[in-house]
Amino acid sequence: MSDNPYSTPVLAWYESHARDLPWRRPDASPWSILVSEIMLQQTPVVRVLPAWNAWMERWPTPADLAREPSGEAVRMWNRLGYPRRALRLHACAVAITEEHGGRVPEDHATLLSLPGVGSYTAAAVASFAFGQRHAILDTNVRRVLARAETGVQYPPKTQTKAETALAESLLPSAPSVAARWGVAVMELGALVCTARTPACADCPIAHQCAWRLAGKPAYDGPPRRGQTYAGTDRQVRGRLLAVLRDSAHPVPKGALDVVWDDHVQRERALDALVSDGLVDPLDDGRYALPG
DNA sequence: CATGCGTGGGG
DNA sequence: TCCCCAAGCAT
(Lines give C-alpha, C1' and ligand atoms only; values in the text may rest on other atoms or scores of the structure.)
Protein backbone atom coordinates (compact mmCIF):
# COMPACT_ATOMS: atom_id res chain seq x y z
CA MET A 1 0.00 0.00 0.00
CA SER A 2 3.00 2.31 0.20
CA ASP A 3 2.48 3.92 -3.20
CA ASN A 4 4.87 6.71 -2.35
CA PRO A 5 7.80 6.85 0.07
CA TYR A 6 5.84 8.88 2.60
CA SER A 7 2.42 7.29 2.61
CA THR A 8 2.99 4.53 5.16
CA PRO A 9 4.50 6.71 7.91
CA VAL A 10 2.18 9.64 7.18
CA LEU A 11 -0.93 7.47 7.24
CA ALA A 12 0.20 5.83 10.46
CA TRP A 13 0.89 9.21 12.01
CA TYR A 14 -2.54 10.44 10.97
CA GLU A 15 -4.23 7.48 12.62
CA SER A 16 -2.95 8.50 16.01
CA HIS A 17 -2.68 12.29 15.72
CA ALA A 18 -5.59 13.49 13.60
CA ARG A 19 -7.87 16.08 15.19
CA ASP A 20 -11.43 15.03 15.77
CA LEU A 21 -13.04 17.65 13.54
CA PRO A 22 -16.81 17.38 13.08
CA TRP A 23 -16.68 17.52 9.29
CA ARG A 24 -14.37 14.49 9.32
CA ARG A 25 -16.72 12.23 11.19
CA PRO A 26 -18.21 9.29 9.30
CA ASP A 27 -21.70 10.75 9.50
CA ALA A 28 -20.70 14.14 8.08
CA SER A 29 -22.86 14.93 5.06
CA PRO A 30 -21.36 16.06 1.74
CA TRP A 31 -23.08 19.41 2.30
CA SER A 32 -21.49 19.82 5.70
CA ILE A 33 -18.12 19.01 4.18
CA LEU A 34 -18.64 21.56 1.41
CA VAL A 35 -19.59 24.17 4.00
CA SER A 36 -16.45 23.40 5.98
CA GLU A 37 -14.22 23.69 2.92
CA ILE A 38 -15.61 27.08 1.92
CA MET A 39 -15.28 28.35 5.48
CA LEU A 40 -11.74 27.03 5.78
CA GLN A 41 -10.50 28.95 2.73
CA GLN A 42 -7.87 31.25 4.23
CA THR A 43 -9.41 30.87 7.67
CA PRO A 44 -8.03 28.93 10.68
CA VAL A 45 -9.84 25.86 11.99
CA VAL A 46 -10.35 27.33 15.45
CA ARG A 47 -12.39 30.17 14.04
CA VAL A 48 -14.34 27.96 11.68
CA LEU A 49 -15.48 25.46 14.30
CA PRO A 50 -18.15 27.59 16.03
CA ALA A 51 -19.30 29.13 12.75
CA TRP A 52 -19.67 25.71 11.14
CA ASN A 53 -21.65 24.37 14.11
CA ALA A 54 -24.07 27.30 14.03
CA TRP A 55 -24.41 27.14 10.27
CA MET A 56 -25.16 23.41 10.14
CA GLU A 57 -27.63 23.71 12.98
CA ARG A 58 -29.54 26.39 11.14
CA TRP A 59 -29.21 25.08 7.58
CA PRO A 60 -28.62 21.32 7.69
CA THR A 61 -29.34 20.90 3.98
CA PRO A 62 -28.72 23.01 0.85
CA ALA A 63 -32.48 23.53 0.48
CA ASP A 64 -32.68 25.03 3.96
CA LEU A 65 -30.18 27.71 2.99
CA ALA A 66 -31.48 28.17 -0.54
CA ARG A 67 -34.86 29.38 0.68
CA GLU A 68 -33.29 32.17 2.73
CA PRO A 69 -32.26 35.55 1.36
CA SER A 70 -28.53 35.72 0.62
CA GLY A 71 -28.22 38.51 3.19
CA GLU A 72 -29.00 35.99 5.93
CA ALA A 73 -25.95 34.00 4.86
CA VAL A 74 -23.86 37.17 5.02
CA ARG A 75 -25.21 37.96 8.49
CA MET A 76 -24.59 34.41 9.71
CA TRP A 77 -21.07 34.56 8.30
CA ASN A 78 -20.37 37.10 11.03
CA ARG A 79 -16.67 37.92 11.25
CA LEU A 80 -15.20 34.91 9.46
CA GLY A 81 -13.75 37.23 6.82
CA TYR A 82 -13.98 37.34 3.03
CA PRO A 83 -17.77 37.61 3.16
CA ARG A 84 -18.13 37.01 -0.57
CA ARG A 85 -17.71 33.39 0.46
CA ALA A 86 -21.05 33.58 2.25
CA LEU A 87 -22.68 34.83 -0.92
CA ARG A 88 -21.07 32.06 -2.93
CA LEU A 89 -22.07 29.41 -0.44
CA HIS A 90 -25.63 30.64 -0.68
CA ALA A 91 -25.35 30.50 -4.47
CA CYS A 92 -24.05 26.94 -4.11
CA ALA A 93 -27.11 26.03 -2.09
CA VAL A 94 -29.40 27.49 -4.75
CA ALA A 95 -27.58 25.72 -7.58
CA ILE A 96 -27.53 22.41 -5.75
CA THR A 97 -31.22 22.71 -4.94
CA GLU A 98 -32.36 23.83 -8.36
CA GLU A 99 -29.96 22.04 -10.67
CA HIS A 100 -28.70 18.99 -8.81
CA GLY A 101 -31.75 17.61 -7.08
CA GLY A 102 -30.70 18.96 -3.72
CA ARG A 103 -27.62 16.76 -3.50
CA VAL A 104 -24.02 17.90 -3.59
CA PRO A 105 -22.64 16.73 -6.94
CA GLU A 106 -19.98 14.02 -6.82
CA ASP A 107 -18.30 14.76 -10.11
CA HIS A 108 -15.18 16.92 -9.90
CA ALA A 109 -16.00 18.99 -12.97
CA THR A 110 -19.53 19.63 -11.72
CA LEU A 111 -18.24 20.64 -8.32
CA LEU A 112 -15.84 23.01 -10.05
CA SER A 113 -18.76 24.74 -11.71
CA LEU A 114 -20.25 25.73 -8.36
CA PRO A 115 -19.70 29.30 -7.16
CA GLY A 116 -16.69 29.67 -4.89
CA VAL A 117 -15.51 26.13 -5.62
CA GLY A 118 -12.10 26.09 -7.24
CA SER A 119 -9.55 23.43 -7.93
CA TYR A 120 -8.70 22.69 -4.32
CA THR A 121 -12.25 22.69 -2.95
CA ALA A 122 -13.59 20.52 -5.77
CA ALA A 123 -10.85 17.96 -5.13
CA ALA A 124 -11.37 18.14 -1.39
CA VAL A 125 -15.12 17.50 -1.57
CA ALA A 126 -14.74 14.75 -4.17
CA SER A 127 -12.09 13.12 -2.02
CA PHE A 128 -13.31 13.68 1.54
CA ALA A 129 -17.04 13.39 0.92
CA PHE A 130 -17.09 10.80 -1.84
CA GLY A 131 -13.83 8.90 -1.43
CA GLN A 132 -12.52 9.68 -4.88
CA ARG A 133 -8.91 9.82 -5.97
CA HIS A 134 -7.84 13.43 -6.45
CA ALA A 135 -4.64 15.29 -5.65
CA ILE A 136 -5.15 17.58 -2.68
CA LEU A 137 -2.92 20.62 -2.99
CA ASP A 138 -3.58 23.29 -0.41
CA THR A 139 -1.17 25.55 1.41
CA ASN A 140 -0.33 22.80 3.92
CA VAL A 141 0.42 20.17 1.32
CA ARG A 142 2.40 22.62 -0.78
CA ARG A 143 4.62 23.37 2.20
CA VAL A 144 5.13 19.70 3.11
CA LEU A 145 6.06 18.80 -0.46
CA ALA A 146 8.32 21.83 -0.84
CA ARG A 147 10.29 20.64 2.15
CA ALA A 148 10.16 16.88 1.86
CA GLU A 149 10.61 16.64 -1.90
CA THR A 150 12.07 19.87 -3.20
CA GLY A 151 14.24 20.63 -0.19
CA VAL A 152 13.20 24.26 0.26
CA GLN A 153 11.62 25.97 3.23
CA TYR A 154 8.63 27.43 1.41
CA PRO A 155 6.74 26.70 -1.79
CA PRO A 156 6.52 29.34 -4.55
CA LYS A 157 4.13 32.21 -3.97
CA THR A 158 1.79 31.05 -6.66
CA GLN A 159 1.04 27.42 -7.35
CA THR A 160 3.03 25.92 -10.21
CA LYS A 161 2.45 23.13 -12.71
CA ALA A 162 5.38 21.30 -11.16
CA GLU A 163 3.65 21.22 -7.79
CA THR A 164 0.48 19.86 -9.33
CA ALA A 165 2.45 17.20 -11.16
CA LEU A 166 4.31 16.27 -8.00
CA ALA A 167 1.12 15.97 -5.95
CA GLU A 168 -0.44 13.78 -8.62
CA SER A 169 2.64 11.59 -8.88
CA LEU A 170 2.44 10.89 -5.15
CA LEU A 171 -1.21 9.92 -5.19
CA PRO A 172 -1.76 6.35 -4.00
CA SER A 173 -3.51 4.20 -6.58
CA ALA A 174 -6.43 2.97 -4.51
CA PRO A 175 -9.06 5.72 -4.15
CA SER A 176 -9.74 5.04 -0.48
CA VAL A 177 -6.02 5.22 0.32
CA ALA A 178 -5.60 8.31 -1.84
CA ALA A 179 -8.38 10.08 0.04
CA ARG A 180 -6.80 9.15 3.34
CA TRP A 181 -3.39 10.28 2.12
CA GLY A 182 -4.70 13.69 1.08
CA VAL A 183 -6.21 14.55 4.42
CA ALA A 184 -3.23 13.07 6.24
CA VAL A 185 -0.65 15.22 4.45
CA MET A 186 -2.79 18.27 5.04
CA GLU A 187 -2.97 17.47 8.72
CA LEU A 188 0.79 16.95 8.87
CA GLY A 189 1.30 20.38 7.41
CA ALA A 190 -1.22 21.93 9.76
CA LEU A 191 0.10 20.36 12.97
CA VAL A 192 3.78 19.49 12.46
CA CYS A 193 5.27 20.90 9.27
CA THR A 194 4.06 24.39 10.08
CA ALA A 195 5.12 27.59 8.38
CA ARG A 196 7.03 29.27 11.19
CA THR A 197 8.52 26.66 13.50
CA PRO A 198 8.09 23.15 12.14
CA ALA A 199 8.18 20.41 14.78
CA CYS A 200 10.63 18.19 12.92
CA ALA A 201 11.18 16.12 16.06
CA ASP A 202 7.56 14.98 15.82
CA CYS A 203 7.57 14.43 12.07
CA PRO A 204 7.05 10.88 10.80
CA ILE A 205 9.04 11.59 7.62
CA ALA A 206 11.81 13.76 9.05
CA HIS A 207 14.42 11.17 8.11
CA GLN A 208 13.29 11.43 4.46
CA CYS A 209 12.83 15.18 4.35
CA ALA A 210 15.08 16.80 1.74
CA TRP A 211 14.94 20.16 3.47
CA ARG A 212 15.91 18.78 6.88
CA LEU A 213 18.61 16.57 5.39
CA ALA A 214 20.05 19.66 3.70
CA GLY A 215 20.33 21.36 7.07
CA LYS A 216 17.10 23.36 6.83
CA PRO A 217 18.48 26.14 4.63
CA ALA A 218 16.63 29.41 5.15
CA TYR A 219 14.30 30.64 2.48
CA ASP A 220 16.37 32.27 -0.24
CA GLY A 221 14.49 34.61 -2.51
CA PRO A 222 12.54 37.80 -2.74
CA PRO A 223 10.69 38.87 0.42
CA ARG A 224 7.37 37.07 0.60
CA ARG A 225 4.72 39.63 0.07
CA GLY A 226 2.77 40.39 3.24
CA GLN A 227 -0.86 41.35 3.19
CA THR A 228 -1.38 44.90 4.28
CA TYR A 229 -4.67 45.69 5.88
CA ALA A 230 -4.74 48.87 7.92
CA GLY A 231 -6.02 51.73 5.83
CA THR A 232 -7.00 49.58 2.87
CA ASP A 233 -10.34 49.30 1.15
CA ARG A 234 -10.64 45.90 2.73
CA GLN A 235 -10.70 47.42 6.16
CA VAL A 236 -13.30 49.96 5.06
CA ARG A 237 -15.45 47.26 3.50
CA GLY A 238 -15.23 45.29 6.72
CA ARG A 239 -16.43 48.21 8.79
CA LEU A 240 -19.26 49.08 6.44
CA LEU A 241 -20.51 45.53 6.30
CA ALA A 242 -20.26 45.16 10.07
CA VAL A 243 -22.77 48.00 10.46
CA LEU A 244 -25.27 46.22 8.28
CA ARG A 245 -24.66 42.81 9.86
CA ASP A 246 -25.23 44.19 13.30
CA SER A 247 -28.44 45.96 12.40
CA ALA A 248 -31.74 44.08 12.19
CA HIS A 249 -33.06 46.76 9.87
CA PRO A 250 -31.88 48.79 6.89
CA VAL A 251 -29.68 51.70 7.91
CA PRO A 252 -29.54 55.31 6.70
CA LYS A 253 -26.46 56.43 4.80
CA GLY A 254 -25.27 58.38 7.83
CA ALA A 255 -24.83 55.19 9.81
CA LEU A 256 -22.28 54.09 7.22
CA ASP A 257 -20.58 57.45 6.85
CA VAL A 258 -19.39 57.48 10.45
CA VAL A 259 -17.19 54.39 10.15
CA TRP A 260 -14.56 55.98 7.85
CA ASP A 261 -13.42 59.55 7.43
CA ASP A 262 -12.03 59.51 3.92
CA HIS A 263 -15.08 60.22 1.80
CA VAL A 264 -13.60 59.08 -1.48
CA GLN A 265 -12.35 55.79 -0.12
CA ARG A 266 -15.56 55.17 1.77
CA GLU A 267 -17.71 55.67 -1.31
CA ARG A 268 -15.44 53.49 -3.37
CA ALA A 269 -15.67 50.70 -0.82
CA LEU A 270 -19.45 51.00 -0.58
CA ASP A 271 -19.82 50.95 -4.35
CA ALA A 272 -17.68 47.83 -4.48
CA LEU A 273 -19.80 46.13 -1.83
CA VAL A 274 -22.93 46.93 -3.82
CA SER A 275 -21.25 45.72 -6.98
CA ASP A 276 -20.29 42.48 -5.24
CA GLY A 277 -23.89 41.95 -4.14
CA LEU A 278 -23.00 42.18 -0.48
CA VAL A 279 -24.97 45.40 0.07
CA ASP A 280 -28.36 46.37 -1.27
CA PRO A 281 -29.05 50.10 -1.83
CA LEU A 282 -32.76 50.56 -1.22
CA ASP A 283 -34.97 52.95 -3.16
CA ASP A 284 -35.52 55.09 -0.07
CA GLY A 285 -31.78 55.79 0.24
CA ARG A 286 -31.12 53.35 3.03
CA TYR A 287 -28.80 50.33 2.84
CA ALA A 288 -29.34 46.71 3.80
CA LEU A 289 -27.93 43.25 3.43
CA PRO A 290 -29.18 41.71 0.19
CA GLY A 291 -32.66 40.22 0.14
C1' DC B 1 -0.98 35.58 -13.80
C1' DA B 2 -0.76 39.07 -10.23
C1' DT B 3 -3.86 41.16 -7.43
C1' DG B 4 -7.86 42.07 -4.35
C1' DC B 5 -10.54 40.17 -1.05
C1' DG B 6 -11.42 40.08 6.11
C1' DT B 7 -10.24 38.94 10.40
C1' DG B 8 -7.89 37.66 14.46
C1' DG B 9 -4.36 34.89 16.95
C1' DG B 10 0.41 33.96 17.97
C1' DG B 11 5.51 34.68 17.76
C1' DT C 1 4.22 46.50 18.61
C1' DC C 2 4.41 44.73 14.44
C1' DC C 3 4.38 41.10 11.31
C1' DC C 4 3.08 36.76 9.53
C1' DC C 5 -0.10 33.72 8.38
C1' DA C 6 -4.57 30.78 7.99
C1' DA C 7 -8.05 23.87 4.17
C1' DG C 8 -8.39 29.78 -2.06
C1' DC C 9 -11.18 31.91 -5.54
C1' DA C 10 -12.30 35.04 -9.25
C1' DT C 11 -10.87 38.27 -12.43
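The values are calculated or read from the model by the stated rules, or taken from the named source; none is laboratory data. Since the structure is predicted, the reported quantities are computational estimates derived from the model, not experimental observations. Reconstructed Cβ throughout: ideal geometry from the backbone, glycine too, with neighbour counts over all protein chains shown.
Counting residues in the stretch A:208-216 that are exposed (fewer than 11 other Cβ atoms within 10 Å of the Cβ), free of Cβ contacts under 8 Å to residues at least 24 places away in the same chain and under 30 Å from residue A:152 (Cβ atoms) gives one or more. So, in the stretch A:261-270, of the ones that are farther than 21 Å from residue A:290 by Cβ and not polar (S, T, N, Q), which residue ends up surrounded by the most Cβ atoms within 10 Å (Cβ to Cβ)? For the stretch A:261-270, the residue satisfying everything is A:262. Restricting the stretch A:10-52 to residues that are more than 18 Å from residue A:191 (Cα to Cα) and aromatic (Phe, Trp, Tyr) leaves a set whose member that is farthest from DNA strand B (Cβ to nearest atom) is A:31.
Just so you know, in the stretch A:270-289 the residues that are within 16 Å of DNA strand C (Cβ to nearest atom) and in a helix (DSSP H, G or I) include one that is farthest from the chain's Cα centre (by Cα), and it is A:271.
For the residues A:16, A:113, the requirement of being out of contact with any helix residue (DSSP H, G or I) (no Cβ under 9 Å at 6 or more places or on another chain) and surrounded by fewer than 16 Cβ atoms within 10 Å (Cβ to Cβ) singles out A:16. Do we find that residue A:154 is among the aromatic types (Phe, Trp, Tyr), closer than 30 Å to residue A:215 by Cβ and modelled with pLDDT of 95 or more in this structure? Yes. Yes or no: the stretch A:227-248 includes at least one residue that is in contact with a His (Cβ under 9 Å, 6 or more places away or on another chain), part of a helix (DSSP H, G or I), modelled with pLDDT of 95 or more and crowded, with 16+ Cβ neighbours inside 10 Å. No. One residue stands out among those in the stretch A:39-73 that are surrounded by fewer than 15 Cβ atoms within 10 Å (Cβ to Cβ) and touching a residue at least 60 places away in the same chain (Cβ under 8 Å): the one that is farthest from residue A:19 (Cα to Cα), which is A:69. Considering the stretch A:106-197, the qualifying helices (runs of 4 or more DSSP H), each wholly inside and each with 2 or more residues that are in contact (Cβ under 8 Å) with a residue 40 or more places away in the chain and under 19 Å from the mean Cα position of the chain (by Cα), run over A:119-128, A:139-145, A:175-191. Checking each residue in the stretch A:87-129 for being within 15 Å of DNA strand C (Cβ to nearest atom) and over 27 Å from residue A:158 (Cβ atoms) picks out A:90, A:93, A:94, A:95, A:96, A:104, A:105, A:129.
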